[in-house]
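Peer 1: First the structure, then my questions, so here it is.
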Amino acid sequence: GASVKLWRRWEVMGDAMLFAPSCALRAAERRSSAAEACAAVCAQLRGVAVGARRRRSNRAADVILASSRNALAKDLQHRRNADCSFEQDRHGREFEVDVVLFPDNVSEVGGVERKQRKSAPQEREVHEMLLVPIMPVGVGLTRKFWTRFCDAWSVDLSTSSELDQFSTIMVMPDLLGTGYGWSSSRSSVSLDDWAAQIEDVVLAQLKQRSSACRVLLLAQGASCSIALRAAAQLAERGVKPVGLVLLGLPPAYFVDRRRPAWLEHGAWWLLRGAIGTQLWRAVFTKPSFIADFSAKNLFADRANMDESWTGTLATHARGCERSRFAVFSFLCGTWQRDLRPEMKRLGDIPVQIIVGDDVSPISSVRVTPLASKQQQTADLKAAVRDRVEWYRSELSNVQKVDIIQGGKNILPWENALEVVRAVRGFASSLQHREPL
């Protein structure tokens, strides 16, 4: 117990002394009693401290202290300049939220004013639709992932000849551990944490809205797991969503089983410390890595990947290093659970599935390298069809399936307008459903 406490204390102090706990713990393992172990740890750490002073490593400590102060100053400055609000979940953990209203004369997204079409005549009955897009977890990703989707919604709303019978309140939160909100290296962020956060966001927004407000959840990629669990939990609390939109479905084996607990915990223990920190700084924050990974796995057309994608992700990954714990939690598989019970509990909640006609290797679709182009295309289409059919068999009320041509694994960014039109059409079909 004493050695564990000392490990945590030294881990918080900085990377300069990360080698101290390892040698101290090895010495402690050779002692039989807690007192001997504690004495061994203290002696080892005193020796490390003396050696550090001899090597004048106090300069490294000054650098770490200055870096911490700079990070704190950057965080405070971000909060002052933020064009959003900070909210808390049920455990008091902070996260940022953007709220945009459609239609409206003027709405703000990211501090930039965008004019929209004026509202419909007052005599027309207008309902409120609470649309909650759930961001994916990844290097440098925040709620700003939905910026292009939000812009496309504004454009489509202003150019469409059809009048919506509802006003849309789009609520885009940062998932726990991402952005400039709460983050912790002590424990990983799990699917339960993220689903409970979305549940808290919805309930908090409903308190500010009319009782006739309808809830529509929208999720991209692996965050579909979060949406499925959050929808099931909301239904149990009597706040049944009127619909659920799933973009870019994860493979079935990610949602019908759980990764072994020992593998999940072991990977987290490895990545939460110095190894993960150096990996983050040396690899994940490099624009070249982000560009190569995105071109190979996310974008259907490399020409659609510009500086607004790679530059923004790399800048945020370097400027907010603590977001790495959420990414590492995701990589450890904390979001992989058996969600088939939740799918059954959704009951008659209408579900829309939107997928691209191309699937990347990260979705575990393999094509024969020596096969012809036509055969590879056929294999990918078959994989997409099989995945959609599996979700159809587990979800009892899949009302609409849209396949976006030229889409891959980042549909709300690369194919924003097509996705918006599909979602708006689905939302319009739900406008006559009573809020549950």
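Peer 1: Once phi is turned into ³J(HN,Hα) by the Karplus curve 6.51 cos²θ - 1.76 cosθ + 1.60 with θ = phi - 60°, what whole-Hz value does each residue of the stretch 326-340 show in order, with x for glycine and proline?
Peer 2: Calculated HN-Hα couplings, in order: 5, 5, 5, 4, 5, 5, 6, x, 5, 8, 8, 9, 7, 9, 4 Hz.
Peer 1: Please give the contour-minus-distance gain from Phe289 to Asp306: 0.36 nm per residue of separation, less the Cα-Cα distance, rounded to one decimal in nm.
Peer 2: 4.7 nm
Peer 1: Apply the Karplus parameterisation 6.51 cos²θ - 1.76 cosθ + 1.60, with θ equal to phi minus 60°, to every residue of the stretch 127-138 and state each ³J(HN,Hα) to the nearest whole Hz, in sequence, with x for glycine and proline.
Peer 2: With the stated coefficients, the stretch 127-138 comes to 9, 9, 10, 8, 9, 10, x, 9, 5, x, 9, x Hz.
Peer 1: On to the next question. I need the P(r) histogram for the stretch 280-348: all alpha carbon pairs, bin width 5 Å from 0 out to the longest distance, whole percents.
Peer 2: Pairs per bin, as whole percents: 3, 14, 18, 17, 15, 11, 9, 9, 4, 0.
Peer 1: I would also like to ask the following. What residues have an amide H closer than 5 Å to that of Arg214, excluding those fewer than 5 places away on the same chain, when H is modeled at 1.01 Å from N in the peptide plane?
Peer 2: Amide H neighbours of Arg214, under 5 Å, 5+ apart: Glu128, Met129, Leu130.
Peer 1: Expressed as a whole number of Å, what is the distance separating the alpha-carbon centroids of the stretch 132-152 and the stretch 205-233?
Peer 2: 15
Peer 1: How big is D, in µm² s⁻¹, for the stretch 218-308 by Stokes-Einstein at 4 °C and 1.567 mPa s if Rh is the Kirkwood radius over C-alpha pairs?
Peer 2: Working: Rh = 16.5 Å.
For the chosen part, D equals 78 µm²/s.
Peer 1: Of Val355, Val401, which has the most accessible area and how do the rest follow, probe 1.4 Å?
Peer 2: Per-residue accessible area, sorted high to low, gives Val401, Val355.
Peer 1: Keeping every protein chain in place, order His91, His316, His265 by accessible area at 1.4 Å, biggest value first, i.e. largest first.
Peer 2: In descending accessible area the options line up as His91, His265, His316.
Peer 1: Amide H neighbours of Val189 under 5 Å, at least 5 residues apart or on other chains, H built in the peptide plane: list them.
Peer 2: Ser329
Peer 1: The stretch 231-265: which trypsin sites (Lys or Arg not before Pro) are DSSP loop and have at most 12 other beta-carbon atoms within 10 angstrom?
Peer 2: Taking the stretch 231-265 and a limit of 12 other Cβ atoms within 10 Å, the loop trypsin sites (Lys or Arg not before Pro) found are Arg237.
Peer 1: Once phi is turned into θ = phi - 60°, what whole-Hz ³J(HN,Hα) does the Karplus curve with 6.51, -1.76 and 1.60 give for every residue of the stretch 228-241, x standing for Gly and Pro?
Peer 2: With the stated coefficients, the stretch 228-241 comes to 5, 5, 4, 5, 5, 5, 5, 4, 5, 8, x, 10, 7, x Hz.
Peer 1: Determine, for each peptide in 272-284, 181-193, the mean count of other beta carbons within 10 angstrom over its residues, then list the peptides with the highest first.
Peer 2: Details: 272-284: 15.9, 181-193: 18.7.
Averaged packing, sorted descending, gives the order 181-193, 272-284.
Peer 1: 5 Å is the cut-off here: which amide hydrogens, built 1.01 Å from N in the peptide plane, fall below it relative to Val401, excluding neighbours closer than 5 in sequence?
Peer 2: Ile353
Peer 1: Using protein chains only and a probe of 1.4 angstrom, how many square angstrom of Lys286 are accessible, to the nearest 10?
Peer 2: 90
The values are calculated or read from the model by the stated rules, or taken from the named source; none is laboratory data. Everything quoted here is computed from the prediction, not taken from an experiment. Because the Cβ atoms are built from the backbone with ideal geometry, glycine has one as well, and the counts that use them run over all protein chains shown. Side chains included, ligands, DNA and RNA excluded: accessible areas come from the protein's heavy atoms. Shrake-Rupley method; radii C 1.70, N 1.55, O 1.52, S 1.80 Å.
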